[in-house]
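Take a look at the structure set out below.
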Amino acid sequence: MSTEQQSHEHHTHGDHGQPHPHPVWHEIFVNGKPRTYHHEHISYEDVVHIAFPEGPFDILYTVAFANFHGHDGTLAPGQSTTVHNGMEFRVRKTNRS
């Protein structure tokens, strides 16, 4: 197993550096479609690629999210958020006048 595969299967816990016994798996919804996401944080760029795998990537998108913990918000390029099961992401092409 490669180091990259190991890093995706075991995530460290706290300052002790001990791996979690199981990989992190979250069910999220991107533009209404269920997706499985394997990381604890998701970036603007990740959400855009999930929503529009073929792009275009040279334009801005509006990325809004909501979760059951009452933390709603938006992501801008370069930003990320902690992922929770059931999170909903809405990704739309930004209109410019």
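Working only within the range 73-97, note down all residues that are among the polar types (S, T, N, Q), open to solvent by 80 Å² or more (accessible area, probe 1.4 Å) and modelled with pLDDT of 95 or more.
74, 79
Select from the range 26-45 the residues that are part of a loop (DSSP other than H, G, I, E, B) and free of Cβ contacts under 8 Å to residues at least 60 places away in the same chain and write down the one among them that is surrounded by the fewest Cβ atoms within 10 Å (Cβ to Cβ). Give the derivation first.
So in the range 26-45, the residues part of a loop (DSSP other than H, G, I, E, B) come out as 31-32, 38-40.
Next, only the ones that are free of Cβ contacts under 8 Å to residues at least 60 places away in the same chain stay: 32, 38-40.
Numbers: 32: 8, 38: 12, 39: 16, 40: 13.
Step by step, filter the range 26-45, then rank; the result is 32.
Residue by residue, here is whether (1) among the polar types (S, T, N, Q); (2) more than 11 Å from the chain's Cα centre (by Cα); (3) over 20 Å from residue 27 (Cα atoms) holds:
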position: 60; (1), (2), (3): no, yes, yes
position: 65; (1), (2), (3): no, no, no
position: 71; (1), (2), (3): no, yes, no
position: 75; (1), (2), (3): no, no, no
position: 78; (1), (2), (3): no, yes, yes
position: 81; (1), (2), (3): yes, no, no
position: 88; (1), (2), (3): no, no, no
position: 91; (1), (2), (3): no, yes, no
position: 95; (1), (2), (3): yes, yes, yes
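Looking only at the range 46-72, how many residues end up being buried (at least 16 other Cβ atoms within 10 Å of the Cβ) and either among the hydroxyl-bearing types (Ser, Thr, Tyr) or in contact with a Gly (Cβ under 8 Å, 6 or more places away or on another chain) (or both)? Steps first, please.
Step one: of the range 46-72, the residues buried (at least 16 other Cβ atoms within 10 Å of the Cβ) are 46-48, 50-52, 61, 63, 65, 67.
From what's left, either among the hydroxyl-bearing types (Ser, Thr, Tyr) or in contact with a Gly (Cβ under 8 Å, 6 or more places away or on another chain) (or both): 61, 65, 67.
Result for the range 46-72: 3.
For residues in the range 72-97 being among the basic types (Lys, Arg) and in a strand (DSSP E or B), which is farthest from residue 32 (Cα to Cα)?
Within the range 72-97, the match that is farthest from residue 32 (Cα to Cα) is 93.
The values are calculated or read from the model by the stated rules, or taken from the named source; none is laboratory data. Since we're looking at a predicted model, the values are computed, not measured. In this analysis, Cβ positions are derived from the backbone assuming ideal geometry, glycine residues included, and neighbour counts consider all displayed protein chains. Remember, those area values only see protein heavy atoms, side chains included, never the ligands or the DNA or RNA. Shrake-Rupley method; radii C 1.70, N 1.55, O 1.52, S 1.80 Å.
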